[in-house]
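Below is one structure; the comments refer to it alone.
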Amino acid sequence: MEVSNALKRKRYDGDNHMEAEVDLSLLEAVEKSQNTVELLDLRTLKKLVLSFERRLKENIEARLKYPDQPERFADSEVELHEELEKLKILAGAPELYPELVNLNAIPSILNLLSHDNTDIAIDVVHLLEDLTDEDVLEDNDEPARILVDSLIENNVLELLVQNLQRLSDKDPDEMSAIYNTLASIENMIEVKPTVAELVCERTKLLRWLLGKIKVREFDSNKQYASEILAILLQNSTANQKRLGQMNGVDVVLQAVAMYKSKDPKTSDEEEMLENLFDSLCCLLMPLENKERFVKAEGVELMIIIMKQKKSAYASAIRALDFSMTKYPPACERFVDVLGLKTAFAAFMGKASISLFIPISKKNKKERYQEELEERLVSLIASLFGGILRGSRRERLLSKFIENECEKIDRLMELYIRYSDRVTAETQRLEQLELDDLEMDEEEKYNRKLESGLYTLQLIAVILGHLWCSEHPQMRARIELLLKQQKLTKNDIKNILQEYHDNIGDLDGAEEKERAQTRIQKIISSF
């Protein structure tokens, strides 16, 4: 599964921009602390925690004593705010995090996320984001783990998400706190990947994220919500299924449908759209979500996006490929709604990709084109694997006879290109072995897959399906093209044999055996 890696966020500055260089609040905390803190050590930590606990106690007492007189506890709240700001200095000494946990300060800090004064809760959100920041925790794995374990144990996820639900994007400070809440959750996932499933089990974060991506207006928090959604889904079947049960497939389709006939206006908005498609592709891993996708007319929407030739063009092809992999009903729907014409126009390269290549990929046009080709090859292979007989199969095969078998010509053009690339990589690996660099067979095979072997195998599978049709015109064309390149059917058989021998058992032993039987049948036909 190819799902783009989430990029680490730059800090939110409240005006829909990212402050890349300096955290002003952290500097402010340093300045406020300079009179009392000269050296950040255990003694200083104890003084900071003690001072914080004292101010917290005073604030609790003042609120209990004068519940209906805010002016009587306002000063204690200002002092509590200042203590929380001072605690930010601890981000400069992550090695002290275990001591912070031992001093039992974490429960007191986290309980303030439920404080009646939203500003105090926001202070805690910013503090947590600073303490868990990726740059702060770098090279401090053990202290980071101890801190995050303590945060989780003291219900940080539940408290953060509960607080998130009372924050509004209309208030700049609260908008910043929303951003930093998401950043804190991402930081904790970075330290402890199991947090990705924990936060979805224990809180309503997924529902909140769905609500956020539904909003039509674009802002940095919608962008970040889309990224967090992709992170939560990318390595978790449980989260994929959970979101599917929450009508998530339909909501994500609605979110991408906003771009079926328009392009994102900025690179940030473009990144958000890419995140949404990453989320959609992750959602399409479980079988039941493929079914939901087909029922929600996701196949039709992706074809419309392809026809519009906007920047989501390649993403729509990727989503179609995910939906049709090992799921015949999606393949059948694709043929029924006349998707073949659109797919094969793309396969033949009849549309100029420069018209709809995303802004962020402009300087990587060649790689973008390759990824598009590889995805289309995969999509066509999925169609052959999902439609085995009947009129739909005939319609698929007939595409390769049109215009004097031009699509077979294109297929062989790609076959030669990827074959040359794999041959070059094989020779490079052999040279590395001669240079005494040891490499096991699995690693060598993976290196070849990365160089294009998988796409070459899929091309060979498609050629095999064409050969198995026993159509004289197609067979004659394939033999002619092989002869022109000084190749034989054995070359294709060898690729198919290697593919057959390396089919994994990820989907179970029975499915592996069925897949190998199908490939063996194709090999035998040659």
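The values are calculated or read from the model by the stated rules, or taken from the named source; none is laboratory data. Since the model is a prediction, treat every value here as computed from it, not as a measurement. Here the Cβ positions follow ideal geometry from the backbone for every residue, glycine too, while neighbour counts run over all protein chains shown. Surface areas here come from the heavy atoms of the whole protein model, side chains and all, with no ligands, DNA or RNA. Shrake-Rupley method; radii C 1.70, N 1.55, O 1.52, S 1.80 Å.
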Point to revise | Filtered residues of the stretch 492-526 (kept if over 17 Å from THR325 (Cα atoms) and without any contact (Cβ under 8 Å) to a residue 12 or more places away in the chain) | key: ASN494, ASP501, ALA509, GLU510, GLU513, THR517, SER524
Exercise for review: Could you list, in sequence order, all residues of the stretch 288-314 that are at pLDDT 95 or above, open to solvent by less than 50 Å² (accessible area, probe 1.4 Å) and over 23 Å from LYS407 (Cβ atoms)?
Suggested key: ASN289, LYS290, PHE293, VAL294, ALA296, GLY298, GLU300, LEU301
Point to revise | Number of the condition not met by ASN104 [criteria: (1) without any contact (Cβ under 8 Å) to a residue 60 or more places away in the chain; (2) open to solvent by less than 60 Å² (accessible area, probe 1.4 Å); (3) closer than 16 Å to THR44 by Cα] | key: (2)
Check your understanding: Filtering the stretch 254-269 down to residues that are in a loop (DSSP other than H, G, I, E, B) and either at pLDDT 95 or above or not small (Gly, Ala, Ser) (or both), which residue is most open to solvent (accessible area, probe 1.4 Å)?
Key -> LYS265
Check your understanding: Somewhere in the stretch 270-278, is a residue in contact with a Leu (Cβ under 6 Å, 6 or more places away or on another chain), open to solvent by less than 10 Å² (accessible area, probe 1.4 Å) and over 19 Å from LEU372 (Cβ atoms)?
Key -> no
Point to revise | Looking only at the stretch 56-83, and only at residues there that are open to solvent by less than 70 Å² (accessible area, probe 1.4 Å) and touching a Phe, Trp or Tyr at 6+ places or on another chain (Cβ under 7 Å), the one that is farthest from LEU131 (Cα to Cα) | key: TYR66
Check your understanding: What do you reckon, is LEU87 over 32 Å from the mean Cα position of the chain (by Cα), in contact (Cβ under 8 Å) with a residue 12 or more places away in the chain and under 22 Å from THR181 (Cβ atoms)?
Key -> yes
Review point. Considering the stretch 126-143 alone, what residues qualify as being touching a Phe, Trp or Tyr at 6+ places or on another chain (Cβ under 8 Å), of a type outside the set (A, V, I, L, M, F, W, C) and either crowded, with 20+ Cβ neighbours inside 10 Å or not in a loop (DSSP other than H, G, I, E, B) (or both)?
Key: PRO143
Point to revise | Selection status of ARG207, more than 15 Å from the chain's Cα centre (by Cα) and either in a helix (DSSP H, G or I) or modelled with pLDDT of 95 or more (or both) | key: yes
Practice item. Can you tell me which residue within the stretch 359-387, out of those that are open to solvent by 60 Å² or more (accessible area, probe 1.4 Å) and touching a residue at least 24 places away in the same chain (Cβ under 8 Å), is farthest from ARG475 (Cα to Cα)? Key: ILE359
Check your understanding: How many residues are open to solvent by 10 Å² or more (accessible area, probe 1.4 Å), out of contact with any helix residue (DSSP H, G or I) (no Cβ under 6 Å at 6 or more places or on another chain) and assigned to a helix (DSSP H, G or I) if we restrict to the stretch 215-241?
Key -> 3
Point to revise | In the stretch 45-55, the residues that are open to solvent by 60 Å² or more (accessible area, probe 1.4 Å) and in contact (Cβ under 8 Å) with a residue 24 or more places away in the chain | key: LYS46, ARG55
